[in-house]
1. To the nearest 20 debye, what charge dipole does the chain have about its Cα centre, counting +1 at the Cβ of each Lys and Arg and -1 at the Cβ of each Asp and Glu?
2. In the stretch 74-180, which trypsin sites (Lys or Arg not before Pro) fall in coil by DSSP and have 12 or fewer other Cβ atoms within 10 Å?
3. May I ask you to derive the relative contact order of the chain, considering only C-alpha pairs under 8 Å and at least 6 residues apart, and to give it as an integer percent?
4. Pop out the carbon and sulfur fraction of the accessible area of the chain as a percent, whole number, probe 1.4 Å.
5. By the scheme Lys and Arg +1, Asp and Glu -1, what is the net charge of all other residues having a beta-carbon under 9 Å from that of residue 188?
6. Run lengths n ≥ 4 of DSSP H only: what is the helix-derived mean residue ellipticity at 222 nm for the chain, with -39500 (n - 2.57) per run over all residues, to the nearest 500?
7. Would you mind computing Rg(Cα) / (2.2 N^0.38 Å) for the chain, counting N as its residues?
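The values are calculated or read from the model by the stated rules, or taken from the named source; none is laboratory data. Values in this document were obtained by computation on a predicted structure and should not be read as measured data. All Cβ positions, glycine included, derive from the backbone under ideal geometry; neighbour counts span all protein chains shown. Heads up: the accessible areas ignore ligands, DNA and RNA and are worked out on the full protein's heavy atoms, side chains in. Shrake-Rupley method; radii C 1.70, N 1.55, O 1.52, S 1.80 Å.
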Amino acid sequence: MKKIPTLLLTALLLGSSIFAKEGLLSFSAGLSSGLPVYGANSVLSTGTEIPNGNRMIIGGLASANLNILPQISFYLGNDLLWDITWSSAEKSSKLHVSFPLGIKIFPGVGGLNFGIAYTLGFRVDNIKTSSVGEYNDISSWGNGFKLHVEYDFAHDGKSKYYPSVGTYWNLMPRGNNSWDNLIVLYIAANF
């Protein structure tokens, strides 16, 4: 009895991969940067207390995409965003780690797509300032959501290796009734 649903699911996946230009399974990886907006009780130090400090926000993302139809793609990925502020003697480092599981919807305008994802993640703090002292901690795991807008040049392009550009907003609970809002821009390679 279980053979019939398995056979139907296999036929659906194989049939849909014929129509999807990217193939049934595709991968994306890229670089990102953005703006973390920390909640009032979310973080001990934002790095703003470091006078004349240098600041860098850099990240990366990777995802595996299941392209079941030209209009719908499911994905599972990993997003990293590292916010570091430093001077000669002080530093404030926060590494945001999240694992999105979501869906992309292509409305038929080239490679434009909109997506929503459930995200599970945490933040690693490594701080050493005169006002805070030395502080190393990992935030509690949070389950939030991610909304994105992306243009995937490979979706309707002649090559599956064309890049994607996009932006996303990720709302992540960090405990203490506080949330981090991550607003990120990215460029990704497709393969």
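1. Details: 13 positive and 12 negative charges, 119 e Å.
The calculated dipole for the chain is roughly 580 debye.
2. Working: sites: 91, 94, 104, 123, 128, 146, 158, 160, 174; in loops: 158, 160.
Listed in order of number, the matching sites are 158.
3. Details: 510 pairs, mean separation 40.9, N = 191.
RCO, the chain: 21 percent.
4. Numbers: 7200 of 10400 Å².
In the chain, the share of accessible area belonging to carbon and sulfur is 69 percent.
5. On the way: positive: none; negative: 150, 152.
Taking every other residue near residue 188 into account, the sum is -2.
6. Values: 1 runs with 17 residues, N = 191.
About -3000 deg cm²/dmol.
7. Details: Rg = 19.7 Å, N = 191, 2.2 N^0.38 = 16.2 Å.
Dividing the Cα radius of gyration by 2.2 N^0.38 Å gives 1.22.
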